[in-house]
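Participant: Sharing a structure below in structure tokens format, with a few things to ask.
The values are calculated or read from the model by the stated rules, or taken from the named source; none is laboratory data. What you see is a predicted model; the values in this text were computed from it and never measured. Because the Cβ atoms are built from the backbone with ideal geometry, glycine has one as well, and the counts that use them run over all protein chains shown.
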């Protein structure tokens, strides 16, 4: 082949690829319009193997489809056109409301889509009502929850963030709160509009007004005076962790239920969504446990179900947190007074013990420690487990974990990576609660070591909102079932 003909061939190849990509871009743009219509008018959310498509950009939609093609190597790849066709079918069926439709599972597993949609249509529930939400505290988790709640398209259904409660502060507090929401050193700028409404003491976020309330005690607030009633309060301060303290929220006018974003004591249930959220019932105070407990419990459950866990040890390599000191100074806890940015700090963790509260069959079987390290986000849990049934090999154990990560049951809680180049910053912003690192798996006889990455801010906050949705009485038909 001559130099000229080779150049022509390469030029034609580039044009073909660009034309194909441009066509996919147009399909993604059309898909975004349909997804917004489904969400706003029907409360129907479309996901791709558990990954939301409702709040993504064109480039993200294309990237998610490319990623999806590698999840089920034995199934046909998923094109944007396939998801677009499914969205049109959903829109044409007026009976489908309040549903979560996983396009990935439907398409990759060659499901009969018409039959799946028809089965749901015959037993369709009415749309979910709106539930007022109050964030008590506006620290790291409070601001991540705000971002997650208000990054979706506006809707009159589901969880509605109405107020943020913080301690009394001097003039200029609103501007500082708004700035911290808008700019984040870890997660970047908020993809939306944020402005202050000083006249009404609130913040406008993506066109939605959020009241800022100043209070020292939960029981002193009258939420009904702000037009808030039957609210779910999400307490992310960590100040109160028992029924007596958290019960103060229920003394306030306009509050119906309380969700704590920390491990709770006493008789309060510690819940890991996807594992033991079926125990919540009509409880008015519930704990979402800790970020580490949420990260490890789903994987521990599937391993225990498949192989049986005799006992084990959990070591968490955890990013430093706000309760540590930047430089050496007094701290009531052992070692945490030493500089967080200069040291690895051995400390205790209740995560291993807390697993037993969410998964009683593992109660008393696990020990745990934590090492705080000089990184601001994304942590790593190392599960050292003695199993009743020995896996055949590391590859066999990894294959099992990959199947669990790709299953409709666990795809929202467990993710899987086999990249030889993955490091902690690759998982910043990951909504999966735990990501198994297959390259680090070790199997020796009946002993297995499994490494799990987790964004201890976003992954955990996503779990909190799943539990909040359940507590609010909001439910979605799952397609496929």
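Participant: Hey, can you tell me all the residues within region 429-456 that are out of contact with any strand residue (DSSP E or B) (no Cβ under 6 Å at 6 or more places or on another chain) and surrounded by 24 or more Cβ atoms within 10 Å (Cβ to Cβ)?
Facilitator: Residues satisfying the conditions are 433, 455.
Participant: Give the residues of region 388-414 that are buried (at least 20 other Cβ atoms within 10 Å of the Cβ), in contact with a helix residue (DSSP H, G or I) (Cβ under 7 Å, 6 or more places away or on another chain) and part of a loop (DSSP other than H, G, I, E, B), sorted by residue number.
Facilitator: Across region 388-414, the qualifying residues are 391, 410, 411, 413.
Participant: Within region 160-185, can you find the residues that are part of a loop (DSSP other than H, G, I, E, B) and in contact with a helix residue (DSSP H, G or I) (Cβ under 9 Å, 6 or more places away or on another chain)?
Facilitator: 169, 184
Participant: Please tell me if residue 298 is more than 27 Å from residue 278 (Cα to Cα), in contact (Cβ under 8 Å) with a residue 40 or more places away in the chain and in contact with a strand residue (DSSP E or B) (Cβ under 7 Å, 6 or more places away or on another chain). Let's see the steps before the verdict.
Facilitator: Numbers: more than 27 Å from residue 278 (Cα to Cα): no; in contact (Cβ under 8 Å) with a residue 40 or more places away in the chain: yes; in contact with a strand residue (DSSP E or B) (Cβ under 7 Å, 6 or more places away or on another chain): yes.
So residue 298 does not fit the description; no.
Participant: Out of the residues in region 192-237 that are part of a loop (DSSP other than H, G, I, E, B) and free of Cβ contacts under 8 Å to residues at least 40 places away in the same chain, state the one that is nearest to residue 268 (Cα to Cα).
Facilitator: Ranking the qualifying residues of region 192-237, first place goes to 217.
Participant: So in region 132-159, with the set limited to residues that are at pLDDT below 95 and assigned to a strand (DSSP E or B), which one is farthest from residue 212 (Cα to Cα)?
Facilitator: Top of the filtered list is 158.
Listed here are the residues, each with its yes/no results for (1) assigned to a strand (DSSP E or B); (2) under 20 Å from residue 298 (Cα atoms); (3) at pLDDT below 95.
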{"site": "422", "(1), (2), (3)": "no, no, no"}
{"site": "432", "(1), (2), (3)": "no, yes, yes"}
{"site": "435", "(1), (2), (3)": "yes, yes, no"}
{"site": "449", "(1), (2), (3)": "yes, yes, no"}
{"site": "453", "(1), (2), (3)": "yes, yes, no"}
{"site": "463", "(1), (2), (3)": "no, yes, no"}
{"site": "466", "(1), (2), (3)": "no, yes, no"}
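Participant: If a residue has to be free of Cβ contacts under 8 Å to residues at least 60 places away in the same chain and within 32 Å of the chain's Cα centre (by Cα) to count, how many in region 1-51 make the cut?
Facilitator: 22
Participant: Is it the case that region 343-351 has a residue that's within 20 Å of the chain's Cα centre (by Cα) and at pLDDT below 95?
Facilitator: So the first thing to find is which residues in region 343-351 are within 20 Å of the chain's Cα centre (by Cα), and the list is 351.
From what is left, the residues that are at pLDDT below 95 are 351.
Checked against the condition, which is being within 20 Å of the chain's Cα centre (by Cα) and at pLDDT below 95, region 343-351 yields at least one hit.
Participant: Now a separate question. Among the residues of region 315-333, what is the count of those that are in contact (Cβ under 8 Å) with a residue 12 or more places away in the chain and either more than 24 Å from residue 447 (Cβ to Cβ) or over 23 Å from the mean Cα position of the chain (by Cα) (or both)?
Facilitator: 10
Participant: Working only within region 334-387, note down all residues that are touching a residue at least 24 places away in the same chain (Cβ under 8 Å), surrounded by fewer than 16 Cβ atoms within 10 Å (Cβ to Cβ) and in contact with a helix residue (DSSP H, G or I) (Cβ under 8 Å, 6 or more places away or on another chain).
Facilitator: Across region 334-387, the qualifying residues are 361, 367.
Participant: Quick one: residue 234 ticks every box in (1) modelled with pLDDT of 95 or more; (2) within 25 Å of the chain's Cα centre (by Cα); (3) assigned by TED's automatic domain parsing to the domain that holds residue 340 except a single one, so which number is it?
Facilitator: (3)
Participant: When you look at residue 59, is it closer than 13 Å to residue 479 by Cβ, in contact with a helix residue (DSSP H, G or I) (Cβ under 9 Å, 6 or more places away or on another chain) and either at pLDDT 90 or above or not assigned by TED's automatic domain parsing to the domain that holds residue 233 (or both), yes or no? Before the answer, list the steps.
Facilitator: Values: closer than 13 Å to residue 479 by Cβ: no; in contact with a helix residue (DSSP H, G or I) (Cβ under 9 Å, 6 or more places away or on another chain): yes; either at pLDDT 90 or above or not assigned by TED's automatic domain parsing to the domain that holds residue 233 (or both): yes.
Judged against the criteria, residue 59 is not a match.
Yes/no matrix, rows are residues, columns are (1) touching a residue at least 40 places away in the same chain (Cβ under 8 Å); (2) crowded, with 24+ Cβ neighbours inside 10 Å:
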position: 259; (1), (2): yes, yes
position: 279; (1), (2): no, no
position: 302; (1), (2): yes, no
position: 308; (1), (2): yes, no
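Participant: Look at region 284-295 and say how many of its residues are out of contact with any strand residue (DSSP E or B) (no Cβ under 6 Å at 6 or more places or on another chain) and surrounded by fewer than 24 Cβ atoms within 10 Å (Cβ to Cβ).
Facilitator: Looking only at that region, the number is 1.
Participant: Being within 27 Å of residue 471 (Cβ to Cβ) and surrounded by 14 or more Cβ atoms within 10 Å (Cβ to Cβ) narrows it down to one of 212, 196, so name that one.
Facilitator: Numbers: 196 fails: within 27 Å of residue 471 (Cβ to Cβ).
The unique qualifying residue is 212.
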